[in-house]
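**Student:** Got a structure for you, questions after.
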Amino acid sequence: ARVWRVYGDESSKIDIEMVAGWREGLDMLLVFAALFSAVVTAFLTATCKSMQVDNTEVTNSLLLEMIGVQRAILHVVVYGPTDVEAVPPAIISFRPKPADFWVNGLWFMSLGLSLSTTLLAVLAKQW
């Protein structure tokens, strides 16, 4: 029976050391995942702008359309109703590049994996 007591004491020491090592490893993983997630989020905010319409382009095209309408009104006032060229509407055609879709998709996937790793590390640490 003395053998089992010695075995239990030695295995408890080894188990405590092993769990302490795992906790330290999880702490480092949590710090790394937090920093990585912050960096990826910064990249995401920078690259998501390429997926949206440029507001200055929209403003410029609408201003050009308004100037065209004002010129047409001035032409009608000065020369009377005649055949005036129709003012072309402001057509804003925007399509993000396929590379932008891929880059943003990979950034979002990277962020999702990082956050899910963090969640699993927190759950493992609390277990």
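The values are calculated or read from the model by the stated rules, or taken from the named source; none is laboratory data. None of these values were measured; they are calculated from a predicted model. Counting neighbours? That spans all protein chains shown, and the Cβs are built from the backbone with ideal geometry, glycine included. Note: areas computed on protein heavy atoms with side chains; ligands, DNA, RNA excluded. Shrake-Rupley method; radii C 1.70, N 1.55, O 1.52, S 1.80 Å.
**Student:** Over region 18-77, what percent of the accessible surface lies on carbon and sulfur atoms, probe 1.4 Å? Working shown, then result.
**Tutor:** Values: 3270 of 4500 Å².
Looking at region 18-77 in its full context, I get 73 percent from C and S.
**Student:** Let me ask another. Taking 35 Å as R0, compute the FRET efficiency from the Cβ-Cβ separation of Tyr7 and Leu123 and round it to 0.05.
**Tutor:** Details: r = 31 Å, r/R0 = 0.89.
Here the calculated transfer efficiency is 0.65.
**Student:** Same structure, new question: Quick check: convex hull over the Cα atoms of the chain, volume per residue in Å³, rounded to an integer? Write out the running numbers ahead of the final one.
**Tutor:** Numbers: hull volume 15.4 nm³, N = 127.
Value for the chain: 121 Å³ per residue.
**Student:** With each pseudo-label sitting 7 Å past Cα toward Cβ, what's the Val78-Val53 distance in nm, one decimal?
**Tutor:** Spacing of the two 7 Å Cα→Cβ label points: 3.2 nm.
**Student:** Same structure again: Suppose R0 equals 25 Å; then what is the FRET efficiency for Leu44 and Arg95 from their Cβ-Cβ distance, rounded to the nearest 0.05? Present the calculation step by step, with values, prior to reporting the outcome.
**Tutor:** Details: r = 20 Å, r/R0 = 0.81.
The computed FRET efficiency comes out at 0.80.
**Student:** Something else now. Might you tell me the accessible area per residue for region 25-75, computed with a 1.4 Å probe and given in Å²?
**Tutor:** On the way: 3690 Å² over 51 residues.
Per-residue accessible area for region 25-75 comes out at 72 Å².
**Student:** A follow-up question, please. Which residues in region 95-124 place their backbone N less than 11 Å from a point set 7 Å from the Cα of Ser61 along the Cα-to-Cβ direction?
**Tutor:** Label zone hits: 95.
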